[in-house]
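Scroll down for the structure; my scribbles are underneath it.
The values are calculated or read from the model by the stated rules, or taken from the named source; none is laboratory data. Computed from a prediction, not measured in an experiment: that's the story for all the values here. Methodologically, a virtual Cβ is constructed for each residue, glycine included, from the backbone with ideal geometry; neighbour enumeration extends over all protein chains shown.
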Amino acid sequence: MEYHSSQIVSLGGGKYAIPRKNLKELVRIPGADVKQKIDNVGSLPVVRLRQEFLPLIDLADVLGIEKSYVTSDDQVKEDKRKQIADRRSIQHLNTGNNAPPKDKEDFIARQEQDRRTSSSSAVNIAIVYSDAYEYGLVVDKFHDSEEIPIFPAGRYLAPSKIYLGTTTLKSEEAALVMDIDNVAFAADLSRISETVRDAVSHDVTSETQTDFESFSLLSFRNADTEHFAVALESVERLERFNSSDFEKAGTKEVVQYRGGVLPVFELSQVVRCAELNHAAPQEVIVFKHGDTFAGLKVQPPIDTIEWRGKIDESTFNTPPVRGSMILNDKTALLLDAQALVKILQGRDA
Amino acid sequence: MTSPSNEIKFLTFTINETVIGLDILDVQEVTKVSDITATPRTPDYVEGIINLRGNIVTVVKY
């Protein structure tokens with residue numbers, strides 16, 4: 001059976017797989033940024049990403065299911081906001097509308113709305129590319145990436161054309177694999193793209209923050225107080241293993257993985273930092289270097305973030321550390337994944 | 001005791017109080033499922049898909 005690397009997402013209680021070959025990056029727009037980053041061009045939603053506008057397709061619309069959102073306790077709720085751009089931030093509700101609440105009831109109603117907004121208004125977008133277009137696919141939630149088998153769509157699923165096939169996940173759930181090319185087609189993206197292109201060509205100049213670059217990063221910790229980040233594009237996938245899964249083979253630590261062996265290491269073997277707390281839960285970031293894989297054990301939470309700013313490359317710059325940055329008020333070291341894996345392999349040779 | 005060769009066994013069940021029989025030779029197995037994955041954009045009579053020991057099986061309803 002052939003396995004395909006795929007990103008698992010969920011929507012309305014169901015899980016869907018996006019083939020890795022179609023995936024560019026995962027973007028989470030926090031509630032406070034939605035107003036600024038997501039807009040309507042005409043009646044079409046777009047997301048602003050690094051001075052570029054990408055059309056947005058709501059997977060719920062493509063599937064014809066109720067829009068929903070996932071609350072912090074993982075409950076799926078129906079989303080009454082009709083359009084993505086309507087998911088306004090608290091900031092916007094407080095400052096954008098200076099008129100005092102008409103009466104107490106209105107005020108309470110607004111607070112209710114704010115509360116819901118604050119817990120769930122972030123928009124999760126998988127940036128994907130089809131043969132012809134790059135677009136953002138709005139989903140409820142991102143899950144892990146997985147190696148999955150893809151079964152043919154079959155006579156009931158094939159006619160809709162939006163499914164590449166079906167699959168079984170690690171969790172043993174059955175799931176649907178999306179056909180990213182045909183989703184674009186189903187949403188009539190050719191029309192949307194043209195409208196977006198026409199409408200924004202003169203608008204882009206209005207925002208010029210060219211001094212700052214934007215990066216898609218994966219942030220994680222080594223010890224409680226040691227924060228790190230790597231470029232999201234360098235990450236093959238994330239995996240979680242039990243501590244009993246790790247084995248010693250010669251001088252290496254390995255874990256059995258999909259019929260093969262994945263060498264794992266921790267940051268203290270490469271960078272001057274504390275040893276990992278082995279009692280705490282650990283996750284493994286899998287990097288690919290050439291044809292080989294290597295797993296880096298880290299301490300959760302692992303987060304994907306869109307970071308905008310200038311990387312300080314003078315204070316810390318000994319490979320594999322590329323530089324430093326401020327992430328959520330903490331100094332984080334940015335690692336160069338390729339250099340990291342090279343150092344490990346050089347040591348083995 | 002041997003059964004006559006023309007005897008057919010049926011799996012019987014009811015849908016909306018109608019008793020229905022299926023030639024038992026057409027039945028592979030009867031299984032209990034809890035999680036059916038919904039399949040949007042399929043005909044109404046398709047309830048969804050299930051993972052039956054690594055194979056995807058379509059579930060239909062009446």
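Brief remarks on what is shown
- Counted residues, the range A:3-50 - those being assigned to a strand (DSSP E or B) and among the acidic types (Asp, Glu): 2
- Candidate set from the range A:143-179 (those that are out of contact with any Lys or Arg (no Cβ under 9 Å at 6 or more places or on another chain) and in contact (Cβ under 8 Å) with a residue 40 or more places away in the chain); member that is farthest from the other protein chains (Cβ to nearest Cβ): A:164
- Residues in the range A:325-338 that are loosely packed, with under 15 Cβ neighbours inside 10 Å and at pLDDT 80 or above were compared, and the one that is farthest from residue A:290 (Cα to Cα) is A:330.
Let's see how each residue does on (1) within 14 Å of another protein chain (Cβ to nearest Cβ); (2) polar (S, T, N, Q); (3) free of Cβ contacts under 8 Å to residues at least 40 places away in the same chain:
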residue: A:16; (1), (2), (3): yes, no, no
residue: A:21; (1), (2), (3): no, no, yes
residue: A:31; (1), (2), (3): no, no, no
residue: A:38; (1), (2), (3): no, no, no
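- Flag for residue A:225 being modelled with pLDDT under 80, of a type in the set (Val, Ile, Thr) and surrounded by fewer than 22 Cβ atoms within 10 Å (Cβ to Cβ): no
- Residue match in the range B:1-23 (condition: more than 14 Å from chain A (Cβ to nearest Cβ), at pLDDT below 90 and either in contact with a strand residue (DSSP E or B) (Cβ under 7 Å, 6 or more places away or on another chain) or surrounded by 15 or more Cβ atoms within 10 Å (Cβ to Cβ) (or both)): yes
- Candidates B:26, B:35, B:44: the one that is facing chain A (nearest Cβ under 9 Å) and of a type in the set (Asp, Glu) is B:35.
- Residue A:134 vs. criteria within 14 Å of chain B (Cβ to nearest Cβ) and either surrounded by fewer than 24 Cβ atoms within 10 Å (Cβ to Cβ) or modelled with pLDDT under 95 (or both): no
- Residue A:322 meets all of the listed conditions (1) surrounded by fewer than 18 Cβ atoms within 10 Å (Cβ to Cβ); (2) without any contact (Cβ under 8 Å) to a residue 40 or more places away in the chain; (3) assigned to a strand (DSSP E or B) but one, namely (1).
- Residue A:296 vs. criteria modelled with pLDDT of 85 or more and in a strand (DSSP E or B): yes
- Annotation note: of A:306, A:313, A:283, the sole residue that is of a type in the set (Asp, Glu), farther than 23 Å from residue A:263 by Cα, in contact with a strand residue (DSSP E or B) (Cβ under 6 Å, 6 or more places away or on another chain) and surrounded by 17 or more Cβ atoms within 10 Å (Cβ to Cβ) is A:306.
- Taking every residue in the range A:281-307 that is within 15 Å of residue A:252 (Cβ to Cβ) and pairing it with any residue that is among the polar types (S, T, N, Q), at least 6 positions away or on another chain, the pairs with Cβ-Cβ distances below 7 Å are A:297/A:282.
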